[in-house]
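Novice: Below you will find the structure I want to go over with you.
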Amino acid sequence: MTTVDPGPAVSSPSVTGVTSNVLRRLGRDTVYLLSGLPLAVVTCAVLLVGLGLGVGLLVTVVGVPVLVGVLRLGRQAAAIGAVASAPGVRRGVEGPLPR
């Protein structure tokens, strides 16, 4: 008869510790995503309409200022989104550099 030595006992991480860490992270990520959703929807709608309007008006002289305004608005929306997401990212996020 042969006996098998199981070797040294290996400690496995606590299942409850891993589960609580995963649930905490899931909750934090869910809040981060849901808090940014309204801003993303409004920004996307405004920028798509503005870009379409600007491209449509490029035939006239009015299209260029409309496009410049829409691009500046997009830059400001990105800055607001970066600052608003900073607590969810857990690191410092600065806005865009001033021009």
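The values are calculated or read from the model by the stated rules, or taken from the named source; none is laboratory data. Predicted, not measured: the structure shown is a model, and the values here were computed from it. Because the Cβ atoms are built from the backbone with ideal geometry, glycine has one as well, and the counts that use them run over all protein chains shown.
Table: residues versus (1) under 14 Å from the mean Cα position of the chain (by Cα); (2) surrounded by fewer than 10 Cβ atoms within 10 Å (Cβ to Cβ); (3) modelled with pLDDT of 75 or more.
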position: THR3; (1), (2), (3): no, yes, no
position: SER11; (1), (2), (3): no, yes, no
position: GLY17; (1), (2), (3): no, yes, no
position: TYR32; (1), (2), (3): yes, no, yes
position: VAL41; (1), (2), (3): yes, no, yes
position: VAL64; (1), (2), (3): no, no, yes
position: GLY81; (1), (2), (3): yes, no, yes
position: GLY88; (1), (2), (3): yes, no, no
position: ARG91; (1), (2), (3): yes, yes, no
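Novice: Another question about this same structure. For segment 49-83, which positions are touching a Pro at 6+ places or on another chain (Cβ under 7 Å) and either part of a loop (DSSP other than H, G, I, E, B) or of a type in the set (D, E, K, R) (or both)?
Specialist: ARG75
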